[in-house]
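Take a look at the structure below.
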Amino acid sequence: MKNGFAKDRINILLSGSVLFLLIIYLLSFVFSDKEISKKTLVSTSLMNPKYMAETDYLELSAGEETLVIIRKNGIWFCGKSEGGNSFYVPCRSEKIEEFLSQLSSRKNLEKIMVKNNQLSDFGLDEENRFYVSYYADSRALGISFGDSDFSDSGRYVKSSENDDVYLADKSFDKFLYISLNQWSDPYLVSKNLGKEYKESDVMTSGFDGILELRHGGISTYIPDENSLPDKKIKLEMGDTSSFTFSFYKIPSQNDFHVSVEYKNPFGKNMDSITYGVKISEWTYKKIFSDEK
C-alpha cells in the first residue's frame, strides 16, 4: 500500500510540474504578444525620396576606411585617394541605383527609445558605425548603420536629419561594404559606360573573348610620363566608340597596369574617359595569346 501511495504522489507531482510548465509556456506567448503590441512602428525612409535623383556623391566609411562613389556625366565611378592622387574605375550602376532606391523607399521601422543619447549602445557612434554620407540641398547629410539586434534579424539605423534611432530589417546589409571589389565593374571592357557590348560589336579582329576578361581592381600605379607601354591595342566598336588599352608591367610585381581610354564621339553624356586597372600576368598572356 505504501509503495502504491508513494507512486501516486510522484505521479501527482509530475503531473503538477508538467501543468505548471505548460502554463508558463502559454503565458510567455501572452506577454510576448503584449510586448510586440508596445512597439512603435513608423513608416518612413532613411533618405528623402526627392534626394535620390540629385545625389551624385556618396562616401562610405567604417573606421579609418573610406570609399567614394561619384556620378560624372550620368555614369557612376568608385574609388579612393592615395598619396594625394585620386583613382576611380566604373562602378556597377545597377547596384548603386538599388542602394539609393532602398534608402529612399518607405519601410516599416521600429522606433527605439534611446536613453541619454547613448548611441554607442547601438553601435551608432562614430567609432563603430558604418556611415553613408551624401550631399543634397547644398548640405552634407548622412545615414548611420549600427549593430544587429539581439535576434540578429534587424540592424539599428539613424539619419543625420533627426535624433531618432530605428530598427530596420537586414535588407541593407548587402550594401554595407567598403571593399572596392564589391562596387566596381569587374570587366576589362566595362559594361557600365552606357552600353553592355557583345562580341558582335567588336570590329577589331584577333581579340575574341576579351569582353569576358576581368581586371584585378583599381591600379594606383602611375607610369612615368616618358615611358612607353609594353603593349597597346585599340578595340573599335560598331557604334563608333572605342577602347584603347595601354599595358605597363608593374615593377617588382607579376601584375600589369592597364590605362583604359574610352571614347564615344556620339555619346549623350561624354566624349571620353580614362582610368587605370590592374590585370594578372595570366590575363595579359590570354589577351595576346594569338601573337606569334
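The values are calculated or read from the model by the stated rules, or taken from the named source; none is laboratory data. Being a predicted model, the structure only gives us computed values, none of them experimental. Please note: Cβ atoms are built from the backbone with ideal geometry, for glycine as well, and neighbour counts cover all protein chains shown. Side chains included, ligands, DNA and RNA excluded: accessible areas come from the protein's heavy atoms. Shrake-Rupley method; radii C 1.70, N 1.55, O 1.52, S 1.80 Å.
Some observations on this one:
- Test: residue in segment 238-250 that is aliphatic (A, V, I, L, M) and under 16 Å from VAL189 (Cα atoms): no
- Scan of segment 83-103 for residues that are of a type in the set (S, T, N, Q) and assigned to a strand (DSSP E or B), ordered by number: ASN85, SER86
- Condition met for LYS278 (open to solvent by 50 Å² or more (accessible area, probe 1.4 Å), at pLDDT 90 or above, among the charged types (D, E, K, R) and under 29 Å from the mean Cα position of the chain (by Cα)): yes
- Flag for THR240 being touching a Phe, Trp or Tyr at 6+ places or on another chain (Cβ under 7 Å), modelled with pLDDT under 95, farther than 30 Å from GLY146 by Cα and surrounded by fewer than 16 Cβ atoms within 10 Å (Cβ to Cβ): yes
- Within segment 64-89, the only residue that satisfies the criterion of being among the small types (Gly, Ala, Ser) and under 16 Å from the mean Cα position of the chain (by Cα) is GLY79.
- Some residue of segment 261-283 being farther than 24 Å from LEU67 by Cα and among the acidic types (Asp, Glu): yes
- Counting only strands (runs of 3 or more DSSP E) that sit wholly inside segment 104-180, those with at least 1 residues that are open to solvent by 60 Å² or more (accessible area, probe 1.4 Å) and either of a type outside the set (Ser, Thr, Tyr) or touching a residue at least 24 places away in the same chain (Cβ under 8 Å) (or both) are 107-112, 130-136, 139-148, 165-169.
- Test: residue in segment 213-234 that is over 30 Å from GLY84 (Cβ atoms) and part of a strand (DSSP E or B): yes
- Residues considered: THR220, THR240. Of these, the only one that is out of contact with any helix residue (DSSP H, G or I) (no Cβ under 9 Å at 6 or more places or on another chain) and on the phi > 0 side of the Ramachandran plot is THR240.
- LYS95 meets each of the listed conditions (1) more than 30 Å from GLU261 (Cα to Cα); (2) among the basic types (Lys, Arg); (3) open to solvent by less than 70 Å² (accessible area, probe 1.4 Å) apart from (1).
- Considering the conditions (1) open to solvent by less than 60 Å² (accessible area, probe 1.4 Å); (2) modelled with pLDDT under 90, SER184 is excluded by exactly one of them, (2).
- Among the numbered conditions (1) assigned to a strand (DSSP E or B); (2) closer than 30 Å to ILE273 by Cβ; (3) free of Cβ contacts under 8 Å to residues at least 60 places away in the same chain, the only one that GLY79 does not meet is (3).
- Lone unmet requirement of (1) open to solvent by 80 Å² or more (accessible area, probe 1.4 Å); (2) over 23 Å from VAL260 (Cβ atoms); (3) not hydrophobic (A, V, I, L, M, F, W, C) for ASN73: (2)
- Looking only at segment 121-143, and only at residues there that are among the hydroxyl-bearing types (Ser, Thr, Tyr) and in contact with a Gly (Cβ under 9 Å, 6 or more places away or on another chain), the one that is farthest from ALA53 (Cα to Cα): TYR131
- When residues of segment 116-142 are limited to those that are hydrophobic (A, V, I, L, M, F, W, C) and over 14 Å from ASP173 (Cβ atoms), the one farthest from the chain's Cα centre (by Cα): LEU119
- Residues being more than 24 Å from ALA140 (Cα to Cα), assigned to a strand (DSSP E or B) and modelled with pLDDT under 90 are represented in segment 41-56 by at least one member.
- Among (1) touching a Leu at 6+ places or on another chain (Cβ under 8 Å); (2) under 16 Å from ASN192 (Cβ atoms), the one test that TYR275 misses: (1)
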